[in-house]
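Visitor: Mind looking over this structure? Questions follow.
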């Protein structure tokens, strides 16, 4: 079902929580600032500050959520905004602001809750690391930035927090920066997301220039409201799109980078170089979800002007990209051997599902999967962290095995997460969220191909997760030493997440679609009869078939076998032509290296040559000219000026010398001169007095 | 050669010649005493001029020429004395009377 | 013009020439004495008896002797090695010739303007004496001073200096 742009009626007094909503991201950021100046030895204080600030943020988020639910249940307006003008560029104001509506409330709650659990988990996981305080500083900063993204009403503020999230992601991926692979992975993540962010920023600029405002909601004059939205639809955006569609695609490009969609997914698997809590928080639950959240936030922009097919070009692109990513990543995940890398590709794949859900079914469909995925993926990552910790930092699944007995709690919770991810029917939340997406895909009017792709992806998901669980938990132990269970501080969060991985399913069933109703500002009516409609039962059957196929295939191939680490995988033996490309990530990184990176290196060399030879040459030439000029001046001064001056003095001296010769001291000469002068004088006088 | 219409002319010419000879000697001879002798000759030639003009000029009873010549003789004598005394003194200092060698006043 | 005049003129000129040309200084001194004598005789012929006898007394009797004394005191009898005439004697000669030329030309040009008096002046020594203490008393006294000063000066200049001073 397509969601139309819903206009919330303005009015009503702002509640206290809406006014103080900014505290929710500010507190963790302030905590991060304080932790940054603490000494390395103040571990307890650092962890305490971080956890306390996020707990307070969680409390405030809960209050905000309750408030929004209260508004929604009362049928009144569920969106409260608070805007402030930062400065003005001429007559155009640059505004910041935050908004409290169902979408923001849900995300606030999820981010702060999952974040808090992971903070607590990190206390145990990073206990042996010497950079404990730095870790919590960055974690806190990340939490603050992510919460800022969620509540932002101004696209500029959203972008600023978006960039901050990217920065903290870089800092956390490269946390163990002494490892060259970690430093490289951090750089890769930053640069790849930057490519997406460039398009995002172009979209922001276009939106600002087209609508004249940066705010999403501003009592009817925001960029996603009323007249502005209509103008965006009518304005041309090139390539046959409306301005709304073009801007939507540009913003989607930013989401592609941040959420690891094809083709900018390459950074996410490498990001597993960071500590496991980082992978759980950032690359499973929250940061990567920011891209999905962004599309949900600007959904009115992307969905306006729905054509005859009931969808817009922008959303079509989103759907295709999401579906392709889902299958692509799932295929690669089948052939990986690192426990975290499998989960990383799984995340990419599930993000593809979320994007497809947004494109096919609307905000509610995509967001529901986001929420459920956050919980069970965080659970899976933390469980993987627990496994790694228990196996003495071993990450290769071929060197694990039989951990069902050694780590029972971890196994139990991991199993819950795995089944949720596979979409095991009824009990687990993943089933309901994935089902909603599949249902939307089935009813998509443009094409049925996404549906088949998503189904295939679901089969693969079940398959590779079963493979992973078989390798890790079933069979017998193949590693070094003995495995042990993790401490309570690590297993407690696992249990909590497992509970939610099951319980959250309840809010999204077609029988009582509370989640969708909440987000769309409709009353939630219980309609349990839907659950026994034939349509629903058909879909239920399909899903069950998918899961059974995937799990069954996995168990059959891998089950309790536990092959030795040196022997190649069964599939590898039977179909190496398929296995090896999948294991090598379908050569996307290599492709990038020989094209973009090679071009860029060539360009850098050209620029360097240019700089060195041409500009350097010009500078040298100018310096040479000046040097020559100086030499010329010196020569002129020395030879011409000095020379002429010296020559004059010399001549004067010589002249004096010549004249001095008259003073010979010889009396007779004087007499001669005298006589000669007299003769001359006499001659003149006589001559002149001639008659 | 013009005819000597007046005896004065002859005396004047003689005086001129004697003067020229005295000057030539003063300018050419190396010895200081010879220079002084030349100067004496020049003075004598001037005296002759004066006496000649007194004899053949108007108002010889005014004795102007004669007086001049007499005073000239007196002064010449004094000058010769002082001059020769100087030459002797210089000879004592530099042991020579050659004018070429006496150039302490060289500028 | 008298023959006497010519003779006396020739004698004087010859004496002067000889005085200037002779190498030996004593000979030159004696030659100039002859010139002085010739001049004295010319003065006598010009009816300037007093001047003539004064010439003999002073010049021949004092100046010539003085010159001889000076020659003797400066060992002028020895002939110098480098010759008696200076290296650039022709310059001096030329200048002297120039002087003679100018003077001669002046004399000859103004022949017609020269006075023609031929009567011998009636001048006695008495008149000369009167003139000396009459209208010429100032020059007389000054000349007396001059002679005194010259005498003292000559003595001082030619005096042997104290031992120790160069």
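Visitor: Given a Förster radius of 51 Å and the C-beta distance between residue A:680 and residue C:133 as r, what FRET efficiency does 1/(1 + (r/R0)^6) yield to the nearest 0.05?
Guide: Once the sixth-power term is evaluated, E becomes 0.75.
Visitor: Does anything in region A:325-352 have its amide N under 20 Å from the 7 Å Cα→Cβ label point of residue A:396, and if so which residues?
Guide: What the label zone holds, given the 20 Å backbone N cut-off, is A:333-345.
Visitor: Test of understanding: what is the full-extension gain from residue C:112 to residue C:151, defined as 0.36 nm times their sequence separation minus their Cα-Cα distance?
Guide: 9.6 nm
Visitor: Residue A:235 to residue A:533: FRET efficiency via 1/(1 + (r/R0)^6), r the Cβ-Cβ distance, R0 41 Å, to the nearest 0.05?
Guide: Rounded to the nearest 0.05, the efficiency is 0.45.
Visitor: Could I ask something else about it? For the modelled label position 7 Å from the Cα of residue A:443 along Cα-to-Cβ, which residues of region A:335-353 have backbone nitrogen atoms closer than 20 Å?
Guide: A:353
Visitor: Run the numbers for residue A:613 and residue A:670: contour at 0.36 nm per residue of separation, minus the present Cα-Cα distance, in nm.
Guide: Net length gain for the segment: 12.7 nm.
Visitor: Once you order the gyration tensor axes a ≥ b ≥ c over the Cα atoms, which shape class does chain C get: rounded for a/c under 1.5, otherwise prolate or oblate by comparing a/b with b/c?
Guide: oblate
Visitor: Still on this structure, please answer the following. So if I take the centroid of the Cα atoms in region A:278-299 and the same for region A:92-166, what is the distance between those two points in Å?
Guide: If we compute the Cα centre of each part, the gap is 11 Å.
Visitor: Moving to a separate point now. Please give, to one decimal in nm, the separation of the simple spin-label points placed at residue A:514 and residue C:105, each 7 Å out from Cα toward the Cβ.
Guide: Calculated label separation equals 15.0 nm.
Visitor: Related question: Helix A:616-635 sits at what angle to the longest principal axis of chain A, using alpha carbons and giving 0 to 90 degrees rounded to 10?
Guide: It is inclined by approximately 10 degrees.
Visitor: Sketch the reach of a paramagnetic label on residue A:566 as a point 7 Å from Cα along Cα-to-Cβ, and name the residues of region A:455-498 whose backbone nitrogen lies under 17 Å away.
Guide: Zone members listed by number: A:478-480.
Visitor: For region A:490-534 and region C:25-87, compute the distance between their C-alpha centroids and round to whole Å.
Guide: 162 Å
Visitor: Please say if chain B is rounded, prolate or oblate, where rounded means a/c under 1.5 for a ≥ b ≥ c the square roots of the C-alpha gyration tensor eigenvalues, and otherwise the choice is prolate for a/b larger than b/c and oblate otherwise?
Guide: Taking the square roots of the gyration eigenvalues as a ≥ b ≥ c, chain B is oblate.
Visitor: How large is log10 of I(q)/I(0) for the protein assembly as shown at q = 0.05, 0.07, 0.08 Å⁻¹ when the intensity is taken from the Debye formula with one equal scatterer per alpha-carbon?
Guide: Per q value, in the given order, log10 I(q)/I(0) is -0.46, -0.70, -0.84.
Visitor: With springs only between Cα atoms under 10 Å apart, run a GNM on chain C and tell me which of C:50, C:36, C:100 wobbles the most.
Guide: C:100
Visitor: How high is the relative contact order of region B:1-61, given as a whole-number percent (alpha carbon pairs under 8 Å, six or more residues apart)?
Guide: 37 percent
Visitor: Sticking with this structure for a sec: For residue A:553 paired with residue A:177, estimate the spin-label separation in nm (one decimal), with each label point 7 Å from Cα along the Cα-to-Cβ line.
Guide: It is 4.4 nm.
Visitor: With the cut-off at 1.5 for a/c, could you classify region C:122-166 from its C-alpha gyration tensor as rounded, prolate or oblate?
Guide: Note, shape of region C:122-166 comes out prolate.
Visitor: Mean separation of Cα pairs under 8 Å and 6+ residues apart, divided by the residue count of region C:1-101: what relative contact order is that in percent?
Guide: Relative contact order of region C:1-101: 24 percent.
Visitor: While we're here: To the nearest 10 degrees, how steeply does helix A:287-297 sit against the main Cα axis of chain A, on a 0 to 90 scale?
Guide: On a 0 to 90 degree scale, this one is about 80.
Visitor: Sticking with this structure for a sec: Quick one: compute the contact order of chain B, relative version, from alpha carbon pairs under 8 angstrom and 6+ residues apart, as a percent.
Guide: Relative CO of chain B lands at 26 percent.
Visitor: May I ask for the distance between the Cα centers of region A:648-670 and region A:38-57, given as a whole number of Å?
Guide: About 102 Å separates the Cα centre of region A:648-670 from the one of region A:38-57.
Readers should treat all values here as calculations from the given coordinates under stated rules, not as data from a laboratory. From a predicted model like this one, the values you see are computed outputs, not experimental measurements. Every residue, glycine as well, gets a Cβ built from its backbone with ideal geometry; the counts of neighbours run over all protein chains shown.
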